[in-house]
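Asker: Structure incoming, see below.
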Amino acid sequence: MYTMQNRAIQEAKEQYKVKGFGPQEVDCMVEIFDQSPSAHPHLQIKNHLDSIVDGTYCAIKWPWPALAKLSTTLLPGSVVVFAGSPGASKSFAMLQCVSFWTKKLVQCSIMCLEGDLKTHFLRLLAQMMEECEITNLEWVRDHPIEVQSAYEQQCNIFDELGQTIYTASSDDMNYYDVLDFINDRGYRGDRIVIIDPITAADAGEKQWEGDRRVVIGAHKLARKYGMSVIFVSHPVKGHLGPSLDSLAGGTAFQRHVDGVLWLEALESKSVTVAGACGRSETEIDRVMYLLKVKDGPGQGKRIGFRFDVQSLSLAEQGLILKNTS
């Protein structure tokens, strides 16, 4: 019976002959080709299943348990949008992620297109020490002993974090620069690369074409290096709430990504959540909307958070079941 595998092998043999290889060389190369996924597509499935079993192919977990369980968005080859309105603490959340992943020995990096390096380092130190006043210049000046102690406790990890946090060298970083950065970090072995925010980069004269180019380009690089790319984004002006249509930029940020998470700030309110200890009533002032979850059971769900002003970090409260007030 003439199978697809036989046809692939026959075509390979003919190509080798055309290129001038002798009979023995052709037989040797065909034998090698016959063991490849190209000749036997079922091997692609087997190799993929084997990589899942041995842990080579897995989703990197977010710092928050409920989100990690409901949204396995950080698989190798994925592109994710992490959106939210101004003041929703997106950048604090991304620094929290970088610190968490670095401690878990996940190689990652973040390109911060807003703010300078000193500002981001101070925010990170405040998060690690759970002391927001470290970002207050007057407090730092008046508490030199406490500041020195905080620095000495965290200086070792800052040597590692210093290799993960980058700021733009100019104010006109464009999408080509973004893709160059992603490629560079992927080549160096990063598992996760964050661009915060992608909306600060120049998309070019034709916004929609630029958006598609950067998303498709990021996907190609993510697959090439087995990494995940996170684009931090904003809503369009006058948006009516968290939704895919409210994302800034072209439709590529909706259609051609593997996940869209939206962090929204709100007035503190009481909700019922499902947490590690079962159902409970709790106060929240942030909601994470899982607008698009390609892999995982969280599509359309909401997770409640509190923003801890002392540590400048997000504290997950659990999956929202219903509002009680």
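Asker: If Rh is defined by the Kirkwood formula over all Cα pairs and Rg also comes from Cα, what ratio Rg/Rh do you get for the stretch 58-323?
Answerer: Here Rg/Rh amounts to 0.96.
Asker: Same structure, new question: Quick one: 3J(HN,Hα) in Hz for the stretch 162-168, Karplus 6.51/-1.76/1.60 with θ = phi - 60°, rounded, Gly and Pro as x.
Answerer: Those phi angles translate into x, 9, 10, 10, 10, 10, 5 Hz.
Asker: Helix 4-18: angle to the longest alpha-carbon principal axis of the chain, degrees 0 to 90, nearest 10?
Answerer: Result, in degrees: 70.
Asker: Quick query: amide H of residue 321 versus all other amide H atoms, modeled in the peptide plane; which residues come in under 5 Å with a sequence gap of 5 or more or a different chain?
Answerer: Residues meeting the amide H criterion: 272, 273, 274.
Asker: Another one. Once the principal axes of the Cα atoms of the stretch 189-325 are found, what is the range along each, listed largest first in whole angstroms?
Answerer: 48, 37, 30
Asker: Report, by chain and number, residues whose modeled amide H sits under 5 Å from the one on residue 191, excluding near sequence neighbours (fewer than 5 apart, same chain).
Answerer: Here 107, 108 satisfy the definition.
Asker: With θ set to phi - 60° and the Karplus curve 6.51 cos²θ - 1.76 cosθ + 1.60, what are the ³J(HN,Hα) couplings of the stretch 208-223 in order, to the nearest whole Hz, using x for Gly and Pro?
Answerer: Values, residue by residue: 5, 5, x, 4, 5, 5, 6, 5, 5, x, 5, 4, 4, 5, 4, 5 Hz.
Asker: Can you tell me the 0 to 90 degree angle between the C-alpha axis of helix 144-161 and the longest principal axis of the chain, rounded to 10?
Answerer: Tilt relative to the chain: about 10 degrees.
Asker: Give me, ordered by chain and number, the residues 5 or more places off residue 62 or on other chains with an amide H under 5 Å from its own placed amide H.
Answerer: Distant-sequence amide H within range of residue 62: 68.
Asker: Counting other beta carbons within 10 Å of each Cβ, put 175, 187 in order, fewest first.
Answerer: Going from least to most buried by this count: 187, 175.
Asker: So for the chain, averaging the separation of alpha carbon pairs under 8 Å that are six or more residues apart and normalising by length, what relative contact order in percent results?
Answerer: After rounding, I find 21 percent.
Throughout, read-outs are computed from the coordinates displayed, never taken from laboratory work. The shown structure was predicted, so the numbers you read here are calculated from the model rather than taken from an experiment. As a convention, Cβ positions derive from the backbone with ideal geometry for all residues, glycine included, and neighbour counts pool all protein chains shown.
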